[in-house]
Amino acid sequence: GSPAKYFKIQPWMSGYRGADGTVTFNTFYDEILADFEADPAHEAAIETFQLVIPIDKVLTASGFDVQAYERFLEERDAGGADGAAAETDSPGGDGPAEPSGG
């Protein structure tokens, strides 16, 4: 087949960055999608939460591990191994990306 031209990602959580740079997550898509999956009348709405990204627009990509992120936050809040706060709270991704044809 031909190489993929885009891929889809399913956001896992989103939020906003405050003036001080801290990230506040206030939308948890897994909870919303679980409600949709439980109701067949809303099943079609699940795909409306996916983001379609052209591969030629991607400059970098990285994985995300929620347990590692939670540990990072715990260590940061406790002063961390070196006592320094992290530059950013951003997890760097919204979850796994699956290549798709297009």
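Does region 59-76 hold any residues that are in a loop (DSSP other than H, G, I, E, B), surrounded by 11 or more Cβ atoms within 10 Å (Cβ to Cβ) and free of Cβ contacts under 8 Å to residues at least 12 places away in the same chain, and which are they?
Hit for region 59-76 is Asp65, nothing else.
I'd like the residue in region 1-12 that is within 18 Å of Ala45 (Cβ to Cβ) and assigned to a strand (DSSP E or B) and, out of all such residues, is most open to solvent (accessible area, probe 1.4 Å).
Among them, the one singled out is Lys8.
Hey, among the residues in region 25-43 that are free of Cβ contacts under 8 Å to residues at least 12 places away in the same chain and in contact with a Phe, Trp or Tyr (Cβ under 9 Å, 6 or more places away or on another chain), which one's nearest to Tyr69 (Cα to Cα)?
Within region 25-43, the match that is nearest to Tyr69 (Cα to Cα) is Phe36.
The values are calculated or read from the model by the stated rules, or taken from the named source; none is laboratory data. Keep in mind it's a predicted model, so treat the numbers as computed, not measured. So basically every Cβ, Gly included, is an ideal-geometry build from the backbone, and we count neighbours across all protein chains shown. Ligands, DNA and RNA are excluded from the accessible area calculation, which covers all protein heavy atoms including side chains. Shrake-Rupley method; radii C 1.70, N 1.55, O 1.52, S 1.80 Å.
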